[in-house]
């Protein structure tokens, strides 16, 4: 049984029938006990979609089902859904255990039982001994865990996350996304998770839905979206790929300037787009693409290089810290097998 199902859902803000649609007839499922990330740039409709799952926005058209039940016209309180916001939304005058117990108290649970269940939820997110602290006495990562405990203590059928890690530094982001994924898998929660961060989506998801201007550009497993993008938009959005015009030959190979590559999936002869991720380029390949280094940046474990080539600017990430190039260096670039996708042109 599906945890969440959208059937041709549209959303228009306001009552003017000529106003543009924020969400344009999307259909998808979030299977029970899995985590689906809704990914896309600002303004693509992902947060509107999440708010419609929560019942905070009503669709203009279509159906929303949860556990097979039509909830399209039901409010948030009738959906057994918990939502965790980007801002955490903790009550500053309540201590940690009171914040976590708040939803239970509003549901009529006795104070002692609510406090006991809140304490258990705090243990579940690694916050033991913090019950009496105020939110202002916590770090950002600790506030994040309190907000997560508050969502989990209600034992929702569906848990929703709206950009939950955007306020944290890089190390904490990595820790918290691992924590969220571990809790989701341990408790077999049905989760819909909105982010604009591709690496976050790849790390936590069973399924990724990429949205663009209110429609679903592509959905599938993280591996499928990364290695087999079906459009130039998805190829460019997933993992900083640069997209170049190429030509598919009758023999099955694809020409990209002087380079020849064999696509992992057959494509018809004719114009194609080739999406190349920065890590796919190999520096110093005999007979490769002529390249002049214009800029270099050292980032600890790797270098970022900007080359000028006959194909235009090329961005390369190299983990070779032994053979470092200096601006002005002339070399040739080849392509590895991984990180290269061929996208058939429509029509």
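The values are calculated or read from the model by the stated rules, or taken from the named source; none is laboratory data. Predicted, not measured: the structure shown is a model, and the values here were computed from it. Cβ coordinates were reconstructed from backbone atoms using ideal geometry, including for glycine residues, and neighbour counts include every protein chain displayed.
Please work out if residue 192 is in contact with a strand residue (DSSP E or B) (Cβ under 7 Å, 6 or more places away or on another chain), under 28 Å from residue 32 (Cα atoms) and modelled with pLDDT under 90.
Numbers: in contact with a strand residue (DSSP E or B) (Cβ under 7 Å, 6 or more places away or on another chain): yes; under 28 Å from residue 32 (Cα atoms): yes; modelled with pLDDT under 90: no.
No; evaluated as a whole, the condition is false for this residue.
Of the conditions (1) surrounded by fewer than 16 Cβ atoms within 10 Å (Cβ to Cβ); (2) not assigned by TED's automatic domain parsing to the domain that holds residue 43, residue 223 clears all except one; give me its number.
Unmet condition: (2).
Tell me which residues, restricted to segment 226-252, are buried (at least 21 other Cβ atoms within 10 Å of the Cβ) and either in contact with a helix residue (DSSP H, G or I) (Cβ under 8 Å, 6 or more places away or on another chain) or assigned by TED's automatic domain parsing to the domain that holds residue 13 (or both). Don't jump to the end; show me each part of the working.
At the first step, the residues of segment 226-252 found to be buried (at least 21 other Cβ atoms within 10 Å of the Cβ) are 226, 229, 234-235, 237-238, 241, 246, 248.
Matches in segment 226-252: 226, 229, 234, 237, 238, 241.
Would you mind telling me which numbered condition in (1) under 29 Å from residue 337 (Cβ atoms); (2) in contact (Cβ under 8 Å) with a residue 12 or more places away in the chain; (3) in a helix (DSSP H, G or I) residue 176 fails?
(1)
Within segment 126-155, which residues are in a helix (DSSP H, G or I) and touching a strand residue (DSSP E or B) at 6+ places or on another chain (Cβ under 9 Å)? Don't jump to the end; show me each part of the working.
First, pick out the residues of segment 126-155 that are in a helix (DSSP H, G or I): 135-137, 140-152.
Once the filter is applied, which keeps residues that are in a helix (DSSP H, G or I) and touching a strand residue (DSSP E or B) at 6+ places or on another chain (Cβ under 9 Å), segment 126-155 yields 144, 147, 148, 150, 151, 152.
In segment 272-286, what residues are part of a loop (DSSP other than H, G, I, E, B) and either surrounded by 20 or more Cβ atoms within 10 Å (Cβ to Cβ) or on the phi < 0 side of the Ramachandran plot (or both)? Don't jump to the end; show me each part of the working.
Filtering segment 272-286 down to residues part of a loop (DSSP other than H, G, I, E, B) leaves 277, 284-286.
Matches in segment 272-286: 277, 285, 286.
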